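Below is one structure; the comments refer to it alone.
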Amino acid sequence: MTIAERLKTAYRALFEGARFSTTRSIVIESGPRDARFDADNSTRLELVRKARYFEKNNAIVNRMADIFETYVVGAGLQIQHVSQSEDWNAAAKVWWNGWERFPDIRSLQDFGTLQSLIARTWFVDGECFIRKVRGQSGRPRLLVMEGHAIETPPDERENPQVIDGIRVDANGRPISYYVKHRKGRNEFAYELVPAEQIIHVFEPSRPGQYRGLPFIYPVINTLHDLTDLQTLEMQAAKDAASRTNVIKVQGGSLDLTQLRQSRFTASQSLNTGATATESRAEYYRDVTGSAPIVLQPGDDFQQFKSDRPSVVTREYWRYLSELACTGCGFPLVLVFPDSMQGTVYRGSLDMAAVFFRSRFQVMASALREIHTYVMGWAANGGESALSAKPDDWASIEIHPPRAVNVDVGRNSAATIAELEANLTTQAAECGKQGLDWRAVLRQRAAEHEYAKQLGLEMEAPNEPMVPNNE
């Protein structure tokens with residue numbers, strides 16, 4: 001369809017949004033097409049480049065990344081083994097806790113730290129890749145990779161089966177990934193890794209989208225404009241601070257040579273008697289107790305005053321900040337805590353809790369795949385203590401971290417009531433704090449026994465409450 005035909009159709013459209021208008025800016029869009037073409041390699045890399053810059057240099061983006069970590073993985077999501085064999089569950093948990101100490105093949109970070117790193121990379125870059133590898137001992141390990149490590153080799157760029165570093169089959173399903181390795185300063189090698197060895201953490205926003213985009217991609221220009229405005233206002237504030245006082249002389253200009261000569265003459269006349277101006281300065285100093293400015297007849301003195309940034313400018317900054325936060329799914333009150341009406345505050349936090357819960361599900365899916373890979377090795381001959389595995393050995397539960405809230409005491413009372421009414425479980429509530437419910441109950445039992453030995457009265461620990469599977 002030609003441009004003329006499109007305009008003719010737009011003029012006939014019954015939907016106002018489809019009509020062409022000369023009073024509005026032109027929406028630059030080539031037309032509906034597949035996501036792989038809209039978010040191609042060059043577009044995605046440019047968005048990632050800017051997102052990484054703002055994460056390093058913009059307080060709002062850095063704060064949002066911190067909040068994303070906090071409420072998506074918290075102190076580290078806990079794997080709870082829930083097979084039908086409690087003995088195997090206990091043994092598997094002990095072994096899993098040992099593996100969690102050093103899960104990464106190229107660092108000493110524990111699994112909780114690794115989860116935070118994955119979540120933050122996902123927020124900033126829009127995606128994170130986890131490769132299943134083996135350590136020198138043959139034990140399963142993980143290799144966390146940033147998005148730029150997956151790239152199409154130069155000799156495959158014209159291959160329609162390779163999309164931005166991902167090789168797909170005839171149905172469009174990923175079957176392998178090209179992992180880039182640096183061999184020299186400007187020399188790279190590409191390794192084709194099967195898809196079953198790669199966990200791609202991202203959340204597509206459109207069908208057929210193979211790579212993730214930074215969470216801030218819709219508001220990158222807003223953040224850029226806000227940064228520019230703050231820079232310009234700071235320059236204006238510094239300029240105003242360097243010009244505190246203004247003196248208007250009678251002739252419109254000041255002869256600096258004559259001024260120096262008059263000051264020298266005045267200093268020479270101190271022994272013989274002060275000039276009239278100096279006498280007046282000394283008089284005002286004695287009366288006011290401060291350092292006065294005494295002008296010559298006809299001169300005028302003004303103190304420079306700056307009203308920037310104005311109230312309007314600050315309100316506009318806040319509006320842009322709200323746009324930036326809202327575009328990423330965050331309420332402004334999480335990034336800039338402020339006083340709000342109670343119901344509005346609770347509503348904002350409830351919406352934020354739903355947002356983070358949805359992102360948690362993506363992380364939980366990745367953790368389930370990691371658990372199947374790692375525990376599968378242990379249960380299938382890698383660890384003799386786990387060889388007697390039940391049929392449902394891979395059954396696990398992963399609970400989200402504690403949600404954002406405005407009243408900790410109120411929520412705590414509600415949790416206690418739900419526990420007493422069997423509407424929630426110890427596993428669910430302990431998981432929100434990154435704790436193992438079995439370890440918590442064992443600790444409570446130990447404290448109870450120790451209190452009895454000391455002759456103290458202490459309420460007996462409650463039995464763990466589990467949902468009825470019947």
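Given K238/K305; K56/K305; K50/K132; K50/K238; K132/K180; K93/K452, which pairs have Cα atoms separated by over 24 Å?
Numbers: K238/K305 12 Å; K56/K305 34 Å; K50/K132 29 Å; K50/K238 28 Å; K132/K180 16 Å; K93/K452 29 Å.
Beyond 24 Å between Cα atoms: K56/K305; K50/K132; K50/K238; K93/K452.
Averaged over its residues, the stretch 302-390 has an accessible area of 55 Å² per residue, based on protein heavy atoms and a 1.4 Å probe. Report the residues of the stretch 200-225 in range of a label on K56: point 7 Å along Cα→C-beta, backbone N strictly under 19 Å from it. Only 214-217, 220-221, 223-225 fall inside the zone, counting backbone N under 19 Å. Accessible area of D66 (1.4 Å probe, protein heavy atoms only, ligands and nucleic acids ignored): about 60 Å². For Y319, the solvent-accessible surface computed with a 1.4 Å probe is close to 110 Å², ligands and nucleic acids excluded.
Take the Cβ atoms of N171 and N41, set R0 to 30 Å, and the FRET efficiency comes out at 0.85. Between R185 and A353, the modelled label-to-label distance comes to 5.7 nm, taking each label 7 Å out from Cα in the direction of the beta carbon. Under the simplified labelling scheme, the E203-R442 pair shows an inter-label distance of 3.5 nm, with each label point 7 Å from Cα along Cα→Cβ.
How charged is the neighbourhood of A119? Take every other residue with its Cβ under 9 Å from the Cβ of A119, and add Lys/Arg as +1 and Asp/Glu as -1. Don't jump to the answer; show the numbers that get you there.
On the way: positive: R120, R359; negative: E69.
Taking every other residue near A119 into account, the sum is +1.
The values are calculated or read from the model by the stated rules, or taken from the named source; none is laboratory data. The structure presented is a predicted model; accordingly, all values stated were derived computationally and were not measured. Virtual Cβ from ideal backbone geometry, glycine too; neighbours counted across all protein chains shown. Remember, those area values only see protein heavy atoms, side chains included, never the ligands or the DNA or RNA. Shrake-Rupley method; radii C 1.70, N 1.55, O 1.52, S 1.80 Å.
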